[in-house]
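Read-outs throughout are calculated quantities, based only on the coordinates presented, and are distinct from any laboratory measurement. Small disclaimer: the values here were computed from a predicted structure and weren't measured. Here the Cβ positions follow ideal geometry from the backbone for every residue, glycine too, while neighbour counts run over all protein chains shown.
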Amino acid sequence: PRETARQVAHYQRTRFLLVFLYLTGLRRSEIAQASTADLVQRRGQWWLQVSGKGHTGLPVPVPEDALQALRAYRASTERSAWPDPLHPEPLLMDLYGKGQPVSSKAVHQIVTTLFESAAKACPDPEQARLLQAATTHWLRHTAATHQLDAGVPLLVVRDNLRHASVQTTERYLHVEPDRQHAQTQKHRLQHQRV
């Protein structure tokens with residue numbers, strides 16, 4: 001709903017959060033800790049320096065769609081579309097954009113509430129069940145799976161998600177099992193007399 005100022009603010013923040021998490025594969029704690037000062041440009045490309053899970057300052061590519069979502073979100077809080085490097089702020093802010101950071105727990109609550117709402121509106125019981133169980137980590141898994149399905153090399157996805165081991169990232173490869181299933185479907189029971 002977007003009938004009140006509060007609902008509009010919630011919509012804008014939630015939309016930014018989901019788009020940014022999906023496109024970057026960030027963990028909820030990483031988006032909660034991220035600051036506009038962590039956005040850096042190198043050779044015409046935008047990166048987010050991420051501190052999280054035992055690592056400090058690892059760069060994550062920020063695709064253009066994620067930058068557009070950030071600009072729209074900032075505009076919805078009546079800020080300039082692009083952050084002022086001299087005045088860093090949290091990347092994700094309190095509901096009215098007063099500059100207060102949102103906790104990791106709040107990020108989890110925003111995302112799960114949205115998925116629960118989507119599950120209630122979903123006519124497909126299996127899809128509704130999946131949405132009901134979805135979390136920020138599920139969104140991270142989805143980002144990895146979709147990057148791999150789109151042909152992003154495994155090692156690049158590993159680096160994007162900051163996995164220590166490529167074996168961790170390989171869990172998101174579904175192309176081979178999908179191909180296996182499709183090929184097996186070709187083997188059909190023939191109508192033969194026994």
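Only Lys, Arg, Asp and Glu carry charge here, each on its Cβ (+1 for the first two, -1 for the last two); on that basis the stretch 62-147 has a dipole of about 160 debye about its Cα centre. Phi-derived couplings, Karplus 6.51 cos²θ - 1.76 cosθ + 1.60 at θ = phi - 60°, listed residue by residue for the stretch 144-156: 5, 4, 5, 4, 5, 4, 7, x, 5, x, 3, 5, 5 Hz, with x used for Gly and Pro. Computed over the stretch 1-121, the percent of Cα pairs more than 20 Å apart is 40.
In this structure the amide hydrogen of Ala34, modeled in the peptide plane, comes within under 5 Å of the amide hydrogens of Leu91, none closer than 5 places in sequence on its chain.
Paramagnetic label reach from Ser76 (point 7 Å along Cα→Cβ; backbone nitrogen cut-off under 15 Å): within the stretch 1-31, residues 1-22. Under 5 Å from the amide H of Val60 lie the amide H atoms of Leu48, Gln49, Val50, each residue being 5 or more positions distant or on a separate chain, with H modelled from the backbone and absent for Pro and chain starts. A Förster distance of 35 Å, applied to the separation of the beta-carbon atoms of Ala128 and Gln41, puts the FRET efficiency at 0.25.
Note on Arg15 and Gln68: the model spin-label points, each 7 Å out from Cα along the C-beta direction, lie 1.2 nm apart. Phi-derived couplings, Karplus 6.51 cos²θ - 1.76 cosθ + 1.60 at θ = phi - 60°, listed residue by residue for the stretch 103-112: 6, 4, 5, 5, 4, 4, 5, 4, 5, 5 Hz, with x used for Gly and Pro. The gain in end-to-end length when the Glu116 to Ser165 segment is fully stretched comes to 14.4 nm, 0.36 nm per residue minus the alpha carbon separation.
Restricting the GluC sites (Glu not before Pro) of the stretch 56-122 to loop positions (DSSP other than H, G, I, E, B) with no more than 13 neighbouring Cβ atoms within 10 Å leaves Glu78.
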